[in-house]
Amino acid sequence: MVQLFHYHWWLMNPEKMETFYKEMGFQVILRLGREHNETKSFNPPLEWDDFRHQPIAFRIIEMRKGKTNLTFGQGKRNQFDHIGFLVDHDEYKRILSNARQRGWKINEGDRRTFVATPWKFRIELQKRKNTVTNDEDMYIKRMSITLPFHQESPEVLAELFDAKAIREHPEHIKVMGDEWCLSFSHAEDLRLHSIEFDSQHSFQQVDPVGTILQSS
């Protein structure tokens with residue numbers, strides 16, 4: 001079953017982002033950065049005080065809670081980059097076939113595959129189930145994304161996933177799978193506006209890049 005599980009940001013302050021999500025109960029799985037042009041890992045049990053004053057440019061920090069996986073890397077500005085779906089072998093092949101029919105660029109790799117969309121965000125396809133835990137807490141139910149509808153309507157994503165598209169308004173479209181929903185609103189700028197989780201705990205917060213996080 002196709003499962004929405006992941007999102008990625010480039011941002012200016014990775015330490016602040018990590019601290020925020022740790023306070024929400026996420027665990028750090030990976031810290032990978034470049035120091036003096038050499039790629040190194042700074043994984044737990046190392047803490048920020050162990051390397052704070054080193055000239056590190058963090059390429060990726062991975063955090064995980066339940067069936068939600070979050071990654072972010074250091075950038076010159078805050079920029080939403082991609083979302084991710086867990087898929088099995090048949091779903092993977094079907095989605096890539098649909099993407100090729102649309103002429104979308106595909107970057108296929110051993111660990112993960114990216115499909116480029118017309119709206120400057122990418123879709124990651126992930127077959128490795130160990131990117132999430134077996135804990136049901138923090139399951140992504142809905143993502144709300146703003147983007148321009150000028151080039152192409154996000155309704156076409158329903159064709160990519162063999163999902164259902166609902167146009168509630170000329171500027172508001174939902175693409176719905178069995179257990180997930182992508183809600184798109186027309187705006188000039190691409191942004192991951194909010195995420196709704198199925199969680200054992202009730203919460204509503206705003207993370208350091210301005211994404212609203214709330215339980216259903």
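Bear in mind these aren't lab numbers, they're just calculated from the coordinates by the rules spelled out. Nothing here was measured: the structure is a model prediction, and the numbers come from that model. Cβ coordinates were reconstructed from backbone atoms using ideal geometry, including for glycine residues, and neighbour counts include every protein chain displayed.
To the nearest ten degrees, helix 89-102 and the longest principal axis of the Cα atoms of the chain are 70 degrees apart. Magnitude of the charge dipole for segment 3-215, about its Cα centre and with charges confined to Cβ atoms of Lys, Arg (+1) and Asp, Glu (-1), is about 540 debye. Taking the longest Cα principal axis of the chain as reference, the axis of helix 14-23 is set at about 80 degrees.
With each label modelled as a point 7 angstrom along the Cα→C-beta vector, the Arg167-Gln200 pair spans 4.3 nm. Considering only Thr19, Thr68, Thr39, the mean-square fluctuation computed in a Gaussian network model of the chain, springs between alpha carbons under 10 angstrom, is largest for Thr39. Run the numbers on segment 3-215 and let me know its relative contact order in percent, using alpha-carbon pairs under 8 Å that are six or more apart. Over segment 3-215, the number comes to 20 percent. Here the gap between Gln101 and Lys40, fully extended at 0.36 nm per residue and compared with their Cα-Cα distance, gives a gain of 18.0 nm.
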